[in-house]
Amino acid sequence: MSTLLKNIFDSTLHLFYPHTCTGCGSDLLEDDQLLCLKCIHQLPHTNFANIKNNPIEKYFWGRIPLTAAYSQFYFSKEFLIQHLIHQLKYKGNTQIGFYLGEMMGKTLLSSSRFNDVDALVPLPLYPDKEHKRGYNQATVICNGMSSIMNIPVLNGAVTRQHATETQTRKHRTERWENVKSSFKVVNEKELKDKHLLLVDDVVTTGATLEACGSAIVQEVNTRLSIATLAYAAK
Ligand SMILES: [Zn+2]
């Protein structure tokens, strides 16, 4: 097809199937594009991946032994990233999660602190929650990372189960024990003797990541790092 014809074809297609930026809703010309250039430039990168003792690592000091930790973006109300994560978690937009995962993969490949990671572990959701959503957003992010980093995503090596009814009424310390005990390593062989990267969408208090990470390092001889798409500054 000649360029002119292709252009006419593409713009006709565009009329029938308008393609818009996931961030701001403005028209996009390329069908494979998810964000416009303006939005791409507005993404609030932290640049923490190369910084030792960055705020994410400080979160976990004294809580869990980590090789490294980082978040790709700042998460706060006025930022575009909140909208994108909302799209990923509640609007079924897995494409944007994969795309942001690819961005993380590129960052990590060029970081000397993460470039020896052997496998990605998505933070498990409760099975009923995952069933309702249709996917685990952390797995979607991992898939994007994996496509760039060429390392496996270990789905199902760790599981998460609800505590029983009576346990949920216990006081705070026991509730924490509960969160901790909700994660179970089910495939030790797959996890051992590696540098694992535990991945989630947003880190706020870090309690869930700590619980899952603790379950892993207590059960398995392995090195552990943590990566999240965004971090909500306290
Ligand atoms: Zn945009």
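From the residues in segment 105-139 that are without any contact (Cβ under 8 Å) to a residue 40 or more places away in the chain and of a type in the set (D, E, K, R), which one is most open to solvent (accessible area, probe 1.4 Å)?
132
Can you go through 112, 76 and tell me which one is more than 16 Å from the ligand (Cβ to nearest atom), over 18 Å from residue 203 (Cα atoms), at pLDDT below 95 and over 15 Å from the mean Cα position of the chain (by Cα)?
112
Only one of (1) modelled with pLDDT of 95 or more; (2) part of a helix (DSSP H, G or I); (3) surrounded by fewer than 13 Cβ atoms within 10 Å (Cβ to Cβ) fails for residue 193. Which number is that?
Among (1) modelled with pLDDT of 95 or more; (2) part of a helix (DSSP H, G or I); (3) surrounded by fewer than 13 Cβ atoms within 10 Å (Cβ to Cβ), the lone unmet condition for residue 193 is (2).
Do any residues in segment 213-224 that are among the β-branched types (Val, Ile, Thr) and modelled with pLDDT of 95 or more have Cβ atoms under 7 Å from those of residues that are part of a loop (DSSP other than H, G, I, E, B) and open to solvent by 100 Å² or more (accessible area, probe 1.4 Å), where the two are at least six apart or on different chains, and which pairs are they?
222/193
Any residue that is of a type outside the set (Val, Ile, Thr), assigned to a loop (DSSP other than H, G, I, E, B) and on the phi > 0 side of the Ramachandran plot - is there at least one of those in segment 94-114?
Scanning segment 94-114 turns up no residue that is of a type outside the set (Val, Ile, Thr), assigned to a loop (DSSP other than H, G, I, E, B) and on the phi > 0 side of the Ramachandran plot.
The rows are residues; the columns are (1) within 16 Å of the ligand (Cβ to nearest atom); (2) more than 27 Å from residue 195 (Cα to Cα); (3) among the aromatic types (Phe, Trp, Tyr); (4) out of contact with any helix residue (DSSP H, G or I) (no Cβ under 8 Å at 6 or more places or on another chain).
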residue: 24; (1), (2), (3), (4): yes, yes, no, no
residue: 39; (1), (2), (3), (4): yes, yes, no, no
residue: 71; (1), (2), (3), (4): no, no, no, no
residue: 81; (1), (2), (3), (4): yes, yes, no, yes
residue: 101; (1), (2), (3), (4): no, no, no, no
residue: 104; (1), (2), (3), (4): no, no, no, no
residue: 108; (1), (2), (3), (4): no, no, no, no
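With a cut-off of at least 2 residues that are open to solvent by less than 50 Å² (accessible area, probe 1.4 Å) and closer than 20 Å to residue 112 by Cα, name the helices (runs of 4 or more DSSP H) lying wholly within segment 31-90.
In segment 31-90, 55-60 are the helices (runs of 4 or more DSSP H) which contain 2 or more residues that are open to solvent by less than 50 Å² (accessible area, probe 1.4 Å) and closer than 20 Å to residue 112 by Cα.
Of all the residues that make up segment 140-162, how many are outside any helix (DSSP H, G or I) and touching a residue at least 24 places away in the same chain (Cβ under 8 Å)?
Residues that pass the stated criteria total 12.
Going by the structure shown, is residue 220 surrounded by fewer than 19 Cβ atoms within 10 Å (Cβ to Cβ) and touching a strand residue (DSSP E or B) at 6+ places or on another chain (Cβ under 7 Å)?
Judged against the criteria, residue 220 is not a match.
The values are calculated or read from the model by the stated rules, or taken from the named source; none is laboratory data. Treat the numbers as computed from the prediction; the structure is a model and nothing was measured. Backbone-built Cβ (ideal geometry, glycine too); neighbour counts: all protein chains shown. Keep in mind that these areas ignore ligands, DNA and RNA; they rest on the heavy atoms of the full protein, side chains included. Shrake-Rupley method; radii C 1.70, N 1.55, O 1.52, S 1.80 Å.
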